[in-house]
């Protein structure tokens, strides 16, 4: 095995064995600082200038901005350092121990997306003795899998800035220039509880919720008629009624019910506009039924993302990979990179089909093609 492959596997082994789960559930949620410190140490040894940006008040969650060279323009290679929670009993091997079998590297985050970092470091290592005309920036973020607070902190800080950014999420090295946004919302209906023997003694929140759900399903059909984009496998916005809680006893009129749903808007739509339309619809139902209905966000939304098909970055990625840029349904940090003024694509090793799954793995055959692809991108933007 060549030395470069050995180094990649050893670095990935260390990253996988360093837990960094992020989750809205405090029982699962962890910091990512140990992963950031590992990456900062390796990049510092390579000659990069490293800056660690605190994301949480206690510093346990942090971003890393590592820069080689200086000046305007250049290229950002970006990834998140956190993973989703896991069910160890469903894995064939320890999720936190990198295990090689069947020409695959198994481990939590091996493909989503700790595996991207050793490959980006290997590609960058080719240019350590080459004067760069534009900077190369390696960016590692916190909490992409939950709040995306790491990417939001970068936007607030206003850096890093470059000409282009590649977000190394698993796409099997096929460029992605478009994805849906996501918003997660809760609708709480508050009525008046009472004895079920006489409906006049109360005002059922569940009856009101029935109207809410019917209206949201009508709105879903309206969105499907209003927005359409053939590049997506599901070519319209989706609205999923995810979970419902309400009432406390079959012989009591329900006093309160709450529905959680998510909405994934395609490019061309706007989360704020959609939320405003839903708020108006809920207010109308509240007036009709004499109920209190409140809409609140369960997390900070992610905007739909689109990079122009004729942008330099998309054209370069298509030429180097031989694949036309695609659209995906999952959300990434790409729109935040655009907010910082960069062209952005999503392109990295491994398959998204293995992400968030037991026995997550990165194919060994993806290592060298990914390194070669990143090297060509670095040459284009930094030399």
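Throughout, read-outs are computed from the coordinates displayed, never taken from laboratory work. Since the structure is predicted, the reported quantities are computational estimates derived from the model, not experimental observations. Positions of Cβ are generated from backbone atoms using ideal geometry, with glycine treated the same way; all protein chains shown enter the neighbour counts.
Translational diffusion coefficient of region 183-297 at 10 °C, 1.306 mPa s, Stokes-Einstein with Kirkwood Rh over Cα pairs, in µm²/s as a whole number. Walk me through the numbers on the way to the answer.
Numbers: Rh = 15.0 Å.
Stokes-Einstein gives a translational diffusion coefficient of 106 µm²/s.
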Notebook entry, point to check: Roughly how tilted is helix 271-289, in degrees to the nearest 10 and between 0 and 90, from the longest Cα axis of the chain?
Noted result: 10
Checklist line | Between 0 and 90°, nearest 10: helix 33-45 axis offset from the chain longest Cα axis | finding: 20
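How much length is gained if the chain between residue 222 and residue 243 is pulled fully straight, taking 0.36 nm per residue apart and subtracting their Cα-Cα distance, in nm to one decimal? Present the calculation step by step, with values, prior to reporting the outcome.
Numbers: separation 21, 0.36 × 21 = 7.56 nm, distance 2.18 nm.
5.4 nm is the gain from fully extending residue 222 to residue 243.
Semi-axes, largest first, in whole Å: what does sqrt of 5 times each Cα gyration tensor eigenvalue give for region 210-366? Kindly include the intermediate steps, with their values, before the conclusion.
Details: eigenvalues 294, 78, 35 Å².
Three semi-axes, in Å: 38, 20, 13.
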Checklist line | Simple label model, 7 Å out from Cα along Cβ direction - residue 198 to residue 326, nm | finding: 6.3
Check: What FRET efficiency do you get for residue 210 and residue 379 if R0 is 51 Å and r is their Cβ-Cβ distance, rounded to the nearest 0.05?
Finding: 0.25
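Output needed for region 325-383: three equivalent-ellipsoid semi-axes, defined as square roots of 5 times the C-alpha gyration tensor eigenvalues, in descending order, whole Å. Don't jump to the answer; show the numbers that get you there.
Numbers: eigenvalues 106, 73, 14 Å².
Semi-axes (√(5λ), whole Å): 23, 19, 8.
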Next item on the list: Report, in degrees rounded to the nearest 10, the 0 to 90 angle that the Cα long axis of helix 3-16 makes with the longest principal axis of the chain.
Entry: 30
Check: In the chain, what percentage of the DSSP-assigned beta bridges are antiparallel, given to the nearest 5?
Finding: 70
Margin query: At a 10 Å Cβ-Cβ cut-off, how would you order 161, 114, fewest neighbours first?
Written below: 161, 114
Next item on the list: Compute the distance in nm between two label points, each set 7 Å from the Cα along the Cα-to-Cβ direction, one at residue 128 and one at residue 319.
Entry: 3.0
Next item on the list: Mind putting together the pair-distance distribution for region 1-99? All Cα pairs, 5 Å bins, whole percent per bin, short to long.
Entry: 2, 11, 17, 21, 19, 14, 9, 4, 1, 0
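Can you give the Rg/Rh ratio of the chain, where Rg is from the C-alpha atoms and Rh is the Kirkwood radius?
Values: Rg = 23.4 Å, Rh = 22.4 Å.
Radius of gyration over Kirkwood radius for the chain works out to 1.04.
Based solely on its DSSP helices, what 222 nm [θ] is calculated for the chain when runs of n ≥ 4 H residues each add -39,500 (n - 2.57) and the sum is averaged over all residues, nearest 500 deg cm²/dmol? Mind showing how you got there, number by number?
Working: 9 runs with 119 residues, N = 383.
Computed ellipticity for the chain at 222 nm equals -10000 deg cm²/dmol.
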Check: When each pair of different Cα atoms in region 70-192 is counted once in the 1/r mean, what is the Kirkwood radius in angstroms, to one decimal?
Finding: 17.4
Margin query: For the pair residue 234/residue 295, report the inter-label distance in nm, with labels modelled 7 Å from Cα in the Cβ direction.
Written below: 1.9
Next item on the list: Pop the C-beta distance of residue 159 and residue 309 into the FRET formula with R0 = 25 Å and round what comes out to the nearest 0.05.
Entry: 0.35
